[in-house]
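> Here it is, the structure, as structure tokens.
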Ligand SMILES: [Zn+2]
């Protein structure tokens, strides 16, 4: 059966980004490169206007709401991730989620595995050669804080 409605078509991109900002920057926006909190808003991501960009005044680097998160570098828009997380919360199987979101099972499996690891923020590369700093990891506890869609 073809559904009349695709959930991702009625999910608001802006609200997804607001939620991610709320989760990620709960203690204020900070630079993922040097942890400085002194920064400027610097417009938005080229293709995604709700994805805020910043420039760090400490190291001068640019970053945005998704820099160094598992959501970065994947071609799925953020709302697909958010809906995927929501559907996981309903205990849908990978193949049901794939069908709902119009993804291949492989893509869907890759996403749910990442989400299931609960790692919201990736460990910065620089840390790999030294001590492992686990406070760089932000863990989503269950599905707390995920928007009710
Ligand atoms: Zn910085």
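Any read-out appearing in this document is the output of simple, stated calculations on the displayed coordinates, not a laboratory observation. Computed from a predicted structure; not experimentally measured. Note that each Cβ is placed from the backbone with ideal geometry, even for glycine, and that neighbours are counted across all protein chains shown.
> Please determine, by comparing only the residues of region 18-65 that are surrounded by 19 or more Cβ atoms within 10 Å (Cβ to Cβ) and away from the ligand (no atom under 16 Å from the Cβ), which one is nearest to residue 110 (Cα to Cα).
20
> Do any residues in region 30-43 that are touching a residue at least 60 places away in the same chain (Cβ under 8 Å) have Cβ atoms under 9 Å from those of residues that are within 9 Å of the ligand (Cβ to nearest atom), where the two are at least six apart or on different chains, and which pairs are they?
Close Cβ pairs satisfying both conditions: 32/56; 32/61; 32/63; 33/56; 33/58; 33/59; 33/61; 33/63.
> Here is a follow-up. Could you give me the residue pairs with C-beta distances under 8 Å whose first residue belongs to region 59-70 and is farther than 10 Å from residue 32 by Cα, whose second residue is part of a loop (DSSP other than H, G, I, E, B) and within 13 Å of the ligand (Cβ to nearest atom) wherever it lies, and which are 6+ apart or on separate chains?
If the second residue must be part of a loop (DSSP other than H, G, I, E, B) and within 13 Å of the ligand (Cβ to nearest atom), the pairs left are 59/31; 59/33; 59/34; 59/36.
> Right, next: Look at residue 9 and say whether it is surrounded by 15 or more Cβ atoms within 10 Å (Cβ to Cβ) and closer than 26 Å to residue 100 by Cβ.
no
> Among 4, 15, which is the only one that is assigned to a loop (DSSP other than H, G, I, E, B) and away from the ligand (no atom under 16 Å from the Cβ)?
Residue meeting the stated conditions: 4.
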